[in-house]
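The values are calculated or read from the model by the stated rules, or taken from the named source; none is laboratory data. Here the structure is a predicted model, which is why all the values come from computation and not from measurement. Counting neighbours? That spans all protein chains shown, and the Cβs are built from the backbone with ideal geometry, glycine included.
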């Protein structure tokens with residue numbers, strides 16, 4: 001297709017501009033990535049401000065810009081639950097996890113969970129649980145990217161998704177964490193800037209009156225669009241389940257939490273979490289306005305006709321308000337959002353396999369080239385994600401992210417809380433908590449209407465006759481308590497005196513290092529002082 005002739009020249013120029021910038025970043029990073037530490041966590045040399053934008057770039061995915069606005073436009077106020085829960089999760093990350101993860105972790109989340117436990121069983125369990133989390137999240141980003149490329153260039157979905165998969169793989173193979181971090185920083189700046197401009201353009205249509213915007217929506221679609229609809233029975237419990245999973249799921253997403261390992265100290269980790277909380281909160285206020293702006297200006301029927309479960313609402317509105325030039329800019333931002341997030345996801349999954357499974361379990365700590373293994377793993381994971389993205393092509397990406405968060409909330413959140421705050425957790429308890437949480441969440445998703453009706457295309461009547469199916473779309477309300485219960489019961493049945501005693505060592509290490517940080521000492525100086533004392 002001749003892109004220029006079809007009026008999408010600005011879109012092409014924006015895409016080319018972003019690709020030139022990110023390829024330049026990747027080339028620069030590849031020249032500085034010489035060791036495993038530099039490849040996996042950028043050598044711990046990222047500042048708090050840079051890390052805040054990188055985490056925002058990781059957290060504010062295609063689901064935020066495209067999926068949540070589309071869900072608001074199609075479903076009304078009920079879809080705001082995604083935004084509320086996402087924003088609520090960040091204070092929890094700030095006050096509970098930022099400092100312990102930086103002080104106890106090295107490359108992956110497994111380092112924190114297994115600090116006082118037997119390393120190999122925990123590494124295997126975390127590696128297995130990470131597969132569905134990463135794959136579901138990757139699928140959502142590829143769906144959004146495929147829809148964007150199809151909308152702009154008319155490229156069929158399969159080659160569009162394949163091209164995105166190849167591009168994201170290049171960032172990870174050659175640049176590692178340093179390139180991924182800077183791509184996310186650039187993307188976060190573009191995303192926040194584009195959202196501010198687009199929000200201003202929407203409000204300008206209503207004389208910068210939010211009330212006028214809401215009035216226009218209620219006049220066309222009814223006042224019930226602006227209020228939560230009453231729910232009963234299973235629908236109410238499904239909503240509660242989604243809210244719980246979205247709130248605590250972020251506390252178990254490995255690609256987000258490992259960002260705390262890229263900064264210099266625990267104080268920098270706390271500051272980066274604080275800054276990111278503000279960025280995420282401001283962005284989701286704009287998402288609310290953009291969602292209702294799409295509904296008022298583009299219309300529900302036009303958004304639905306564009307396909308993708310509402311994912312194309314913002315690109316359509318940007319073309320309506322700013323013409324092809326601004327449409328190209330917004331699409332380039334959306335595309336950059338996808339690339340940055342999938343690069344971070346892919347690197348997190350590859351790091352888990354290379355460091356935890358290959359280096360820790362298969363090689364048993366013997367010297368090996370973990371960076372090379374990570375590159376091979378990244379290639380296999382990206383190919384799998386592209387194939388699975390075809391089956392979920394017409395799903396709303398915000399909803400798909402909710403499923404990924406449900407698995408993370410079930411597999412990683414309970415064991416992380418138990419590892420940090422419950423003295424009696426044992427290796428058996430950690431392994432059972434992870435496997436039961438992840439397994440039950442995946443099983444309930446497979447048995448839910450999401451797979452049985454939307455993917456396997458059973459009719460609602462057929463689904464209702466299947467007694468063994470799970471009637472809710474979100475499993476978190478059941479799988480999270482199951483994970484906690486499995487961890488507690490297994491720990492009590494198989495007590496471990498060594499893990500029990502190491503809990504005190506862990507708390508003492510955190511307290512001593514916190515004290516050193518308070519008087520301005522770096523963690524390196526603490527290690528030196530400790531060695532001199534002993």
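Taking the options 283, 335, name whichever one is surrounded by 22 or more Cβ atoms within 10 Å (Cβ to Cβ), closer than 21 Å to residue 401 by Cα and modelled with pLDDT of 85 or more.
283 is the lone residue from the list that is surrounded by 22 or more Cβ atoms within 10 Å (Cβ to Cβ), closer than 21 Å to residue 401 by Cα and modelled with pLDDT of 85 or more.
Inspect the stretch 433-443 for any residue being buried (at least 18 other Cβ atoms within 10 Å of the Cβ) and more than 30 Å from residue 498 (Cα to Cα) and give the result as yes or no.
Within the stretch 433-443, one or more residues are buried (at least 18 other Cβ atoms within 10 Å of the Cβ) and more than 30 Å from residue 498 (Cα to Cα).
So which residues in the stretch 495-524 are outside any helix (DSSP H, G or I), at pLDDT below 55 and surrounded by 14 or more Cβ atoms within 10 Å (Cβ to Cβ), if there are any at all?
521
Test of understanding: among 431, 451, which residue is without any contact (Cβ under 8 Å) to a residue 24 or more places away in the chain and under 29 Å from residue 126 (Cβ atoms)?
The match here is 451.
Identify the residue in the stretch 295-324 that is over 26 Å from the mean Cα position of the chain (by Cα) and in a loop (DSSP other than H, G, I, E, B) and, among all such residues, is surrounded by the fewest Cβ atoms within 10 Å (Cβ to Cβ).
The qualifying residue surrounded by the fewest Cβ atoms within 10 Å (Cβ to Cβ) is 299.
Quick grid of which residues meet (1) more than 26 Å from residue 503 (Cβ to Cβ); (2) buried (at least 23 other Cβ atoms within 10 Å of the Cβ); (3) in contact (Cβ under 8 Å) with a residue 40 or more places away in the chain:
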{"site": "97", "(1), (2), (3)": "no, yes, yes"}
{"site": "120", "(1), (2), (3)": "no, no, yes"}
{"site": "125", "(1), (2), (3)": "no, yes, yes"}
{"site": "129", "(1), (2), (3)": "no, yes, yes"}
{"site": "134", "(1), (2), (3)": "yes, yes, yes"}
{"site": "138", "(1), (2), (3)": "yes, yes, yes"}
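Considering only residues that are within 19 Å of the chain's Cα centre (by Cα) and farther than 23 Å from residue 419 by Cα, which ones fall in the stretch 264-284?
Matches in the stretch 264-284: 272, 274, 275, 276, 277, 278, 279, 280, 281, 282, 283, 284.
Quick one: how many residues across the stretch 185-230 are over 14 Å from residue 295 (Cα atoms), at pLDDT 90 or above and outside any helix (DSSP H, G or I)?
3
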